[in-house]
Amino acid sequence: MIYDFLIQKGSSPALAELLVELGRAIEEISKSILGASTLKAGSKNAYGEEQIAMDVKADEIMNRTLSTNPYVVTYCSEEQDGLQPASIDGQFSVFHDPLDGSSLFDVNFSVGTIVGIYPVADVLGHTPREQVAALYAVYGPRTTVMLSVGKGVQEFLLTEEGWVLVTEEVAVTAGKKYFAPGNLRATAEREDYFNLVASFIKEKYTLRYSGGMVPDINHIFKKGSGIFMYPGMPSAPDGKLRLMYECGPMAFLMEQAGGASSNGKSSILDLQISSLTQKTPVYLGVKEEVEKVCAAVL
Ligand code: P6P
């Protein structure tokens, strides 16, 4: 019983119940993906980006779950513009990217859902270190979830009988050398990033990059080793990935698994939240690799 496991891990009953509900939402998204259209929905998200039908469907499933949950006071989807009210007596604000990597959906690459949960109604001025839980789901050949309630990282598998715990202690320590160099375009504008990527190539690192943040980082968690990079560049100094919906939850999970996160200068978890749409350069993975990257990038 996932609820009992979460309580044993130190989760409050309210948080455990919320996470069980999120598990049901992820199960519904997973089933919806099986026969989903890859066509555009004819709508745009809060940033004016074209949506596919599955973007809209996943967003609707997540928002329906959050808007009716008694423990959620506010929630915000990366697809929408601004905090949405839920239950006035709720204690958590929830941020989610309902279908990360949807540009890869038509080519049938793995995509994911990312969630960060805060114990405050208004996160502005707070930091991602204050998250009480973070998770992501990978919709691949199998549907799995990586979750932390602040006591390490656990992995769950969706089966016909429901969710089962498959890994009780996910650890990112060291091992085979993998690298996931996002935003390679930046090497044309940044000699430091060009030289860093070249150093990984010269040291015969194995490339593991699909263009989907969730499967690319899941590879690091499952192999226990690797480095994911998505730097900024002069034309986009803060890069592309958003603190609330992608980098904050992933940094929480990575540091809970013994890895490290950075924006090039400090832990992602210590960045002050000044906007719900703020972006940040992001480096995630084995501590030594993150330290190497921070020493190399200007
Ligand atoms: P690029 C997917 O669109 C995404 O938001 C992340 O999942 C991924 O890490 C990144 O963008 C990939 O960006 O520039 O390689 O297409």
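Observations on the model:
- Of the trypsin sites (Lys or Arg not before Pro) found in the range 179-250, those that fall in a DSSP loop while having at most 12 other beta-carbon atoms within 10 Å are Lys204.
- Helix 191-202 and the longest principal axis of the C-alpha atoms of the chain enclose an angle of approximately 90°.
- Exposed-site-free run, longest, the chain (rule: chymotrypsin sites (Phe, Trp or Tyr not before Pro); DSSP loop; at most 15 other C-beta within 10 Å): 110-298
- With all protein chains kept in place, the per residue accessible area of the range 178-296 amounts to 39 square angstrom at a probe of 1.4 angstrom.
- C-alpha long axis of helix 53-67 to longest principal axis of the chain, angle in °: 60 degrees
- Taking each residue as 0.36 nm, the span from Asp81 to Thr206 lengthens on full extension beyond its C-alpha to C-alpha distance by 41.2 nm.
- Taking all Cα pairs closer than 8 Å and separated by 6 or more residues, the relative contact order of the range 178-296 comes to 28 percent.
- Cross-link partners of Lys9 among lysines (Cα-Cα below 22 Å; sequence separation of 8 or more within a chain): Lys151, Lys222
- Over the Cα atoms of the chain, the radius of gyration divided by the Kirkwood radius equals 0.94; this is the Rg/Rh ratio.
- Reachable aspartates and glutamates, given that their alpha-carbon falls under 19 Å from the alpha-carbon of Lys40 and they are not under 8 places away in the same chain: Glu49, Glu50, Asp55, Asp59, Glu60, Glu78, Glu79, Asp97, Asp100, Asp106
- Axis angle, to the nearest 10 degrees, between helix 287-296 and the longest C-alpha principal axis of the chain: 50 degrees.
- 18 Å cut-off, amide nitrogen to a point 7 angstrom out along Thr167 Cα→Cβ, residues in the range 121-137: 134-137
- Carbon and sulfur %, accessible surface of the range 144-298 computed with the full protein complex present, 1.4 Å: 52 percent
- Note on the chain: antiparallel DSSP beta bridges, both residues inside, total approximately 80 percent of the bridges counted.
- Two-decimal Rg/Rh across the range 2-167, once Rg and the Kirkwood Rh are taken from alpha-carbon atoms: 0.95
- Equivalent ellipsoid, the range 138-179 (semi-axes from 5 times Cα gyration tensor eigenvalues, Å): 21, 15, 8
- With contacts taken as Cα pairs under 8 Å at a separation of at least 6 residues, the chain carries a relative contact order of 15 percent.
- Here the Gaussian network model covers the chain, with springs between Cα atoms less than 10 Å apart; of Ala198, Ala186, Ala251, Ala198 fluctuates the most.
- For the range 215-298, GluC sites (Glu not before Pro) are listed when DSSP marks them as loop and at most 15 other Cβ atoms sit within 10 Å of their Cβ; the list is empty.
- Label positions at Asp192 and Asp106, each projected 7 Å from the Cα along the C-beta direction, are separated by 3.7 nm.
- Pairs of Cα atoms farther than 16 Å apart, the range 161-210, %: 57 percent
- The range 1-99: proportion of alpha-carbon pairs further apart than 22 angstrom, %: 35 percent
- Rg over Rh, two decimals, the range 99-222 (C-alpha only, Kirkwood Rh): 1.02
- Only Lys, Arg, Asp and Glu carry charge here, each on its Cβ (+1 for the first two, -1 for the last two); on that basis the chain has a dipole of about 860 debye about its Cα centre.
- Restricting the range 57-98 to GluC sites (Glu not before Pro) in coil, as DSSP defines it, with at most 15 other Cβ within 10 Å: none
- Per-residue 3J(HN,Hα) values for the range 12-29, derived from phi via the Karplus relation 6.51 cos²θ - 1.76 cosθ + 1.60 with θ = phi - 60°, read 6, x, 5, 5, 4, 5, 4, 5, 4, 5, 5, x, 5, 5, 5, 4, 5, 5 Hz in sequence order (x marks Gly and Pro).
- Residues of the range 2-167: accessible area per residue with a 1.4 Å probe, Å²: 43 Å²
The values are calculated or read from the model by the stated rules, or taken from the named source; none is laboratory data. What you see is a predicted model, and the numbers here were worked out from it, not measured in a lab. Don't worry about glycine lacking a Cβ; one is built from the backbone with ideal geometry, like all the others, and counts go over all protein chains shown. Heavy atoms of the whole protein, side chains included, go into the accessibility calculation; ligands, DNA and RNA do not. Shrake-Rupley method; radii C 1.70, N 1.55, O 1.52, S 1.80 Å.
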